[in-house]
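The next block holds one structure in the form of structure tokens; read it before the comments.
The values are calculated or read from the model by the stated rules, or taken from the named source; none is laboratory data. Worth saying up front: this structure is predicted, and the values here are computed from it rather than measured. So basically every Cβ, Gly included, is an ideal-geometry build from the backbone, and we count neighbours across all protein chains shown. Side chains are part of the model used for accessible areas, which takes the heavy atoms of the whole protein and leaves out ligands, DNA and RNA. Shrake-Rupley method; radii C 1.70, N 1.55, O 1.52, S 1.80 Å.
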Amino acid sequence: MWLDIGIVLLYLAVLVGMGLLGGKQVKSAGDFTASGGRYGTLVLFASLAASFIGGGYSSGNAARAFENGIGTTLALFGFSLSMILIGRFLVPGVGRFPGVSTVGGVIGQSYGRAARILAGIFIFLCSAGMVGAQMEAMGLVFHVLLGVDARVGILIGCGIVLIYSTAGGLQSVIAADMVQFALLAAGMPLLLVMGAHRAGGLSAVLQSVPSEFYHPFNGTTPVGFFSLFLTMMLGEALAPPYTQRLLIGRSPRSTARATIFSGLFSLPFFVVTGLIGFTAYALQVTDNPAAAMPVLLLQVLPVGVRGIVMAAMVSIILSAADGFLNSAAVGLVCDAVLPLFPRLSDRGQLRALRGINLLTGLAAVAVAFTVPDIFEILVLAYSFWCPLILVPLAAAFLGIASNGRAFRYALAAGLLSTLAWNYLLQRPGGIDGAVIGTLANLLVFTLCTRAFGRERVQRLRLWRDEPSRRPPIRTVGYLSRRK
């Protein structure tokens, strides 16, 4: 066992070393956000895949399969579908925003300064919640694998992520993603193969689980299942860390390929982690669904191999946490603070980015200590993203002209309807409020765009054709000062 622990510690030391080394190359805020279109298809594919495969999509999926069967695994295909559709239809629109490297930058260029500030605030809230979910998963993994208290595991995992992400920013995060992707892509199939072998083969595993486990509505209702499918499809669509990577690719074409490949990769990965849950059930390794994957790992893998797969499990959590941690800091500083204080120096921006990165990690620890369920934290974080920002952001990439009023009214409609549905009405029919909020956002955004679109077109024509009658547009002064 000490050899396995040594392998995990060596892996963590490599991540810290990479972060500190990358930190020496970060001299400006632009270095921290990795702006400049420096990454190609392979790097973006691995980074995207490593970022979205976190605790909920791995050990969380295995836990749900262990408890209820294939329903959650099939619902997760909604996320895969969204990534493929984004790569096919939305990523080509990245070319409309040259030089922009943040989500709020796209929102600000499309809907104005106030919209950018609002987007920055909600990006921060969503990303901090997602980091909290990964920290909760990290505590469980360290507790089961290394025998430490879950809260101590949360502190260890958060400490490691904070060191390399605060020092090196997105550059160090992407470098770490390369290592993490290699480990998770090899480690999870290896765990499934050796676990199934112990159980007598994959066919024996499939025969040992109850027949109701093959029913997608087991443990829920048809409406609840399709609600979860839509939540998975919309919840992380164009989420801040993924959109950041789309904006720093060398070209829209290579970025689109990377996005589609990552969506395709997620399909077999979700199947593998779901089957790991089935294998843990077949071998009866534990009574706790949340511990199904790590306990299976401890019982079926030999020394040495076990350490490598342990490092893969740790890497799954870290790779999701670091991306959302970085996007939280970038969203709050670059998209909320900087528009309010446009004369902030580059060195001041870098200090603020690192400071917010550190504080966000500490806030995520508090979330993980307070809310014990990973999926509950994920759904809560989704409430600050897809019902508020997703529709206007997708419209911007599609080139749909709108304005700040449409953005603000749609955001308010999405937020209020989500809160009312979840907390006042208590999720009627098992439908999550994020789905209702997204539909409300889409409806209000569409109606307001139609109502205010002519006004925007007229203002733009006046700006272009009659300089003497140019109306004041608040974003112009800010953008000119930034140039």
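I want to confirm something. Restricting to the range 402-448 and keeping residues that are among the hydrophobic types (A, V, I, L, M, F, W, C) and touching a Lys or Arg at 6+ places or on another chain (Cβ under 7 Å), which single residue is nearest to residue 219 (Cα to Cα)?
Looking at residues that are among the hydrophobic types (A, V, I, L, M, F, W, C) and touching a Lys or Arg at 6+ places or on another chain (Cβ under 7 Å), I get 421.
Take the residues in the range 334-349 that are in a helix (DSSP H, G or I) and open to solvent by 20 Å² or more (accessible area, probe 1.4 Å), then tell me which one is farthest from residue 115 (Cα to Cα).
Filtering first and then ranking leaves 347.
Determine whether residue 432 is among the charged types (D, E, K, R) and at pLDDT 65 or above.
Taking the combined requirement at face value, the residue satisfies it.
If we only count helices (runs of 4 or more DSSP H) wholly inside the range 1-70, which ones have 3 or more residues that are surrounded by fewer than 20 Cβ atoms within 10 Å (Cβ to Cβ) and without any contact (Cβ under 8 Å) to a residue 40 or more places away in the chain?
Numbers: elements: 2-23, 29-33, 41-52, 59-68.
Per the criteria, 2-23.
I'd like the residue in the range 396-451 that is out of contact with any Gly (no Cβ under 8 Å at 6 or more places or on another chain) and outside any helix (DSSP H, G or I) and, out of all such residues, is least open to solvent (accessible area, probe 1.4 Å).
Here the residue is 432.
Which condition number in (1) of a type outside the set (S, T, N, Q); (2) outside any loop (DSSP other than H, G, I, E, B); (3) in contact (Cβ under 8 Å) with a residue 60 or more places away in the chain is the one that residue 143 fails?
The single condition residue 143 does not satisfy is (3).
Give the range 84-105 a look and list any residue that's buried (at least 24 other Cβ atoms within 10 Å of the Cβ) and at pLDDT 95 or above, or say none.
Listed by number, the list is empty, since nothing qualifies.
Which one is modelled with the lowest pLDDT among residues in the range 208-237 that are within 28 Å of the chain's Cα centre (by Cα) and not in a helix (DSSP H, G or I)?
Filtering first and then ranking leaves 236.
Among 311, 291, which is the only one that is in a helix (DSSP H, G or I), over 21 Å from the mean Cα position of the chain (by Cα) and among the aliphatic types (A, V, I, L, M)?
291
Assess whether residue 205 counts as being more than 20 Å from residue 292 (Cα to Cα), in a helix (DSSP H, G or I) and touching a residue at least 40 places away in the same chain (Cβ under 8 Å).
Against the criterion (more than 20 Å from residue 292 (Cα to Cα), in a helix (DSSP H, G or I) and touching a residue at least 40 places away in the same chain (Cβ under 8 Å)), residue 205 does not qualify.
Given the criteria in contact with a Leu (Cβ under 9 Å, 6 or more places away or on another chain) and under 22 Å from residue 73 (Cα atoms), does residue 183 qualify?
Against the criterion (in contact with a Leu (Cβ under 9 Å, 6 or more places away or on another chain) and under 22 Å from residue 73 (Cα atoms)), residue 183 does not qualify.
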